[in-house]
Amino acid sequence: MSKVISVILPKGGVGKTTSAVNLAIALSKRDYNTLLIDLDPTASCSLSLGFNEENIFGDVFDVFSYSKTIDKVIHPTEMEKLFCIPQMKLNSIEEGRQNRLLANNYLLRNIINSIRENYDFIIFDCPPYLFGTTSLALIASDSVLAPIRTDEYSLDAIKTLTRRVDYVRTLYNNNLKIDGIFLTAYENNIKAAFKIKTELYKRFPSMMLNISIPKDVNMLNATFRKKPLILLLPKSRASEAYMNLADELLTKYNLQF
């Protein structure tokens, strides 16, 4: 079995990249071969794993432009079971050029199909918008995971995402589904946060995952150190929550952990 997952919400500041990276590491810790692909022009995912312009030998842009094949840009990480296709940080002109290469809606799906049998999980860290590389990621994916903060704007973003998933499922990928929505930076003792959580479970009962990622002051330290929290402080509250989130997904997929 190979599972291709897009981590996405069309809103910034929800912990999307943090979740993609820490979840990918958690799955690799459970002994699953995992490939993390950075599709966000900010390259935050790549930077958090220690990649930069000096130490990468190719990125996702090279694949889209046919400069290199995908197998030539897969980088090992300090985790034996975790691999990464990084992205160099793009300016607006470079990002526009990349988007012009994406006219073929099935480009990324075809590329991924050539290697997916080598991995148990392939995870896309998508930008906080629904066009360009994100659109291609949805077409190439089996499912979507949506990290969400407990605020009204995130509720609107979930509605937008569900409409987009329905659109892609109808026209391009009839297997696409949302496998889970999960809360990030959650504070159980804040009345407004609990109210929005209750509303989310009411509106999207089949999509909400049980595990929430708690607010953890150690996240700031991990960001400053440019190192995933789950590696820096594996016993922190958020790190343990990401391990539990991985286990919940493995249970959902009928896999062992």
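The values are calculated or read from the model by the stated rules, or taken from the named source; none is laboratory data. Since we're looking at a predicted model, the values are computed, not measured. Note that we place each Cβ from the backbone using ideal geometry, even for glycine, and neighbour counts take in every protein chain shown.
Among the residues of the range 143-168, just one is part of a helix (DSSP H, G or I), charged (D, E, K, R) and under 23 Å from PRO214 (Cβ atoms), namely GLU152. Filtered by the rule that a residue be within 23 Å of ILE123 (Cα to Cα) and loosely packed, with under 14 Cβ neighbours inside 10 Å, the range 192-218 gives SER206, ASN210.
Can you say whether GLU54 is closer than 27 Å to SER236 by Cβ and either under 17 Å from the mean Cα position of the chain (by Cα) or at pLDDT below 95 (or both), as far as the supplied structure shows?
Values: closer than 27 Å to SER236 by Cβ: no; either under 17 Å from the mean Cα position of the chain (by Cα) or at pLDDT below 95 (or both): yes.
No.
Report yes if MET207 is within 26 Å of THR160 (Cα to Cα), hydrophobic (A, V, I, L, M, F, W, C) and under 21 Å from the mean Cα position of the chain (by Cα), otherwise no. Yes, satisfied. All told, ALA43 falls short of being in contact with a Leu (Cβ under 6 Å, 6 or more places away or on another chain) and of a type in the set (A, V, I, L, M).
When TYR186 is tested against (1) buried (at least 17 other Cβ atoms within 10 Å of the Cβ); (2) closer than 30 Å to SER114 by Cβ; (3) not hydrophobic (A, V, I, L, M, F, W, C), just one condition goes unmet, and that condition is (2). Against the list (1) touching a helix residue (DSSP H, G or I) at 6+ places or on another chain (Cβ under 6 Å); (2) at pLDDT below 90, the condition ARG97 fails is (1).
Considering SER65, SER28, the condition of being buried (at least 20 other Cβ atoms within 10 Å of the Cβ) and hydroxyl-bearing (Ser, Thr, Tyr) is satisfied by SER28 alone. Selection of the range 27-43 for residues being modelled with pLDDT of 95 or more and more than 13 Å from the chain's Cα centre (by Cα) yields SER28, LYS29, ARG30, ASP31, TYR32, ASN33.
Considering every residue within the range 44-51, establish whether at least one is over 22 Å from LEU209 (Cβ atoms), in contact with a Cys (Cβ under 9 Å, 6 or more places away or on another chain) and not in a helix (DSSP H, G or I). Within the range 44-51, one or more residues are over 22 Å from LEU209 (Cβ atoms), in contact with a Cys (Cβ under 9 Å, 6 or more places away or on another chain) and not in a helix (DSSP H, G or I).
For every residue, the table says whether it meets (1) free of Cβ contacts under 8 Å to residues at least 60 places away in the same chain; (2) polar (S, T, N, Q); (3) surrounded by fewer than 23 Cβ atoms within 10 Å (Cβ to Cβ); (4) in a strand (DSSP E or B).
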residue	(1), (2), (3), (4)
PRO128	no, no, yes, no
PHE131	yes, no, yes, no
SER135	yes, yes, yes, no
ASP179	no, no, yes, yes
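Scanning the range 181-192 for residues that are of a type in the set (A, V, I, L, M, F, W, C) and either part of a helix (DSSP H, G or I) or under 30 Å from ASN105 (Cβ atoms) (or both) yields ILE181, PHE182, ALA192.
Would you confirm whether or not the range 100-108 contains a residue that is crowded, with 21+ Cβ neighbours inside 10 Å and either modelled with pLDDT under 95 or of a type in the set (A, V, I, L, M, F, W, C) (or both)?
As a first pass, look at the range 100-108 and keep what is crowded, with 21+ Cβ neighbours inside 10 Å: 108.
Add one more test, that the residue is either modelled with pLDDT under 95 or of a type in the set (A, V, I, L, M, F, W, C) (or both), and what stays is 108.
Within the range 100-108, one or more residues are crowded, with 21+ Cβ neighbours inside 10 Å and either modelled with pLDDT under 95 or of a type in the set (A, V, I, L, M, F, W, C) (or both).
Which of the helices (runs of 4 or more DSSP H) contained wholly in the range 193-257 include at least 3 residues that are in contact with a Pro (Cβ under 9 Å, 6 or more places away or on another chain), touching a residue at least 12 places away in the same chain (Cβ under 8 Å) and of a type outside the set (Asp, Glu)? Break it down into steps so the answer makes sense when it comes.
Numbers: elements: 218-225, 229-232, 237-252.
Qualifying helices (runs of 4 or more DSSP H): 237-252.
Working only within the range 219-231, note down all residues that are over 22 Å from ALA146 (Cα atoms) and exposed (fewer than 15 other Cβ atoms within 10 Å of the Cβ). Scanning the range 219-231 gives ASN221, PHE224, ARG225, LYS226.
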